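This report concerns only the one structure given below.
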Amino acid sequence: MKQSQLFTKTRKEAPADEVSKNAEFLTRAGYIYKEMAGAYAYLPLGICVLEKIKQIIREEMNAVGGQELIMTSLQRKELWENTDRWSDENVDVWFKSKLKNGTEVGFGWSHEEPISEMMKNYISSYKDLPAYVYQFQTKMRNELRAKSGILRGREFVMKDLYSYSLDAEQHEKFYQGVIDAYMRVFERVGLGDDTFVTFASGGAFTQFSHEFQTITDAGEDVIYINRDKKIAINNEVLSDKVLQDLGVTRDELEEVKTAEVGNIFNFGTKKSEQMNLYITDENGEKKYVHLGSYGIGVTRLMGVIVERFADEKGLVWPESVAPFQIHLVSLCSEEADVKKADELYETLTKQGKEVLYDDRIGVRAGEKFADSDLIGIPLRVIISPKTLAQDSVEIKKRNESEAKIIAIDELLK
């Protein structure tokens, strides 16, 4: 991508109505655009990051046997009435509307019911199980107060996976496998050291659940952790009984502020019984299916990465999710030098490198460097008349203060 062709522009000032670090820097750097409170458009740079995150998640979900699909966001009222989750008293985040013919519909905040209804068409025998399906879907939640930028929105992208198992043992094996897969996801996006599997309330889903909480001052949750035992408990379920069940005492726990980046739920057979989702076993007897639900907020995860790594100058992306690997910054203005800078860009691109090329003419070096810091690409490569005189470039990692000069040939190797 040539920066001169990128339609978005950086901003020096933060939007007046944004107070969170993630919304401020992502907006200023041209990754997102705020449509309204709790609803953001994702611009070309933002899409690059989201797709990197999604691909990491996709690889890990495929590795545990997940099959990708995509459902509609429109929800049928009767499906949710079967499970007592249509009423606003039980689920207070619905967006609802009516079709032209008067039929009531909802806009998906989760997909257990519609996907389970669909699965009735494909699983009927014990031979059909287990089955694991997932999607990347835009979810709609009518939050009372949207806040914290893309950490809590009314519209967001989620990866949601659903498991259908023959019995509790088969379900539990997969459930534990997803916990491991989720931790690999968070490790790969750079959050592994600060993310904990956390015992928590199930909210509108189940009585209890497991959350994946990342330590950050921008978070909305308080959890208690024991780093040695790798135990974490959400403040909302902290009790003597929970402490006893988990084998820890209160004075062994450290209080930290966190943001939830994922959660998983075990529904057992309750939802299948409500929806009449069953199979026949090898003896021809009717058995209700064990259901599990597993979510990662993709856009939320992007925001947490920003909160965790950004500095006073701007974004600092881990290499695995950065929109580009290299920010090639040209300080050339003479035709011959510009041609050499263009050639370097083309060579790097042909090598398969992902390069954002700041080819803008007439922009001061200081402004280009400030933009580069704000955008946050892991490696900056500066080419200028001074470096070209030595057949070299200056390279600097975004998270380091020192720069160094290396030969162009060495860079290409």
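3J(HN,Hα) couplings calculated from phi for the range 10-20 with the Karplus curve 6.51 cos²θ - 1.76 cosθ + 1.60 (θ = phi - 60°) are, in sequence order, 6, 10, 6, 9, 6, x, 4, 9, 10, 10, 7 Hz; Gly and Pro show x. The angle between the Cα long axis of helix 44-63 and the longest principal axis of the Cα atoms of the chain comes to about 50 degrees, rounded to the nearest 10. Near residue 109, the amide H atoms lying under 5 Å from its own belong to 140; only residues 5 or more places off or on other chains count, and H is placed 1.01 Å from N.
Give me the percent of DSSP beta bridges within the range 310-403 that run antiparallel, rounded to the nearest 5. In the range 310-403, DSSP labels about 40 percent of beta bridges as antiparallel.
Between helix 168-188 and the chain there is an angle of about 10 degrees, using the helix long axis and the longest principal axis of the Cα atoms.
For the peptides 265-273, 210-218, the ranking by packing is 210-218, 265-273, with the highest mean count of neighbouring Cβ atoms within 10 Å listed first. Put in line by how crowded their Cβ is, counting other Cβ atoms within 10 Å and starting with the fewest, 136, 7 read 7, 136. For the options 263, 283, 121, a Gaussian network treatment of the chain with springs between C-alpha atoms closer than 10 Å singles out 283 as fluctuating the most. The phi-based Karplus calculation (6.51 cos²θ - 1.76 cosθ + 1.60; θ = phi - 60°) puts the 3J(HN,Hα) values of the range 126-143 at 4, 5, 7, 10, x, 9, 10, 10, 8, 8, 10, 9, 6, 9, 10, 9, 7, 5 Hz, whole numbers, x for Gly and Pro.
Prolate is the label for the chain. Its Cα gyration tensor axes, ordered a ≥ b ≥ c, give a/c of at least 1.5 and a/b above b/c. Taken one residue at a time, the phi angles of the range 64-74 give Karplus couplings (6.51, -1.76, 1.60, θ = phi - 60°) of 9, x, x, 10, 7, 9, 8, 9, 6, 7, 6 Hz. Gly and Pro are set to x. Output the 0 to 90 degree angle, nearest 10, between the alpha-carbon long axis of helix 298-309 and the longest principal axis computed from the alpha carbons of the chain. Taking the Cα atoms of the chain, the angle to 298-309 is about 50 degrees. Residues whose amide H comes within less than 5 Å of that of residue 152, counting only those at least five positions distant or on another chain, are 147 (H built at 1.01 Å from N in the peptide plane).
No value in this document is a laboratory result; all are computed from the given coordinates. Just so you know, these numbers come straight off a predicted model, no measurement behind them. Neighbour counts are summed over all protein chains in view; Cβ atoms, including those assigned to glycine, are modelled from backbone coordinates with ideal geometry.
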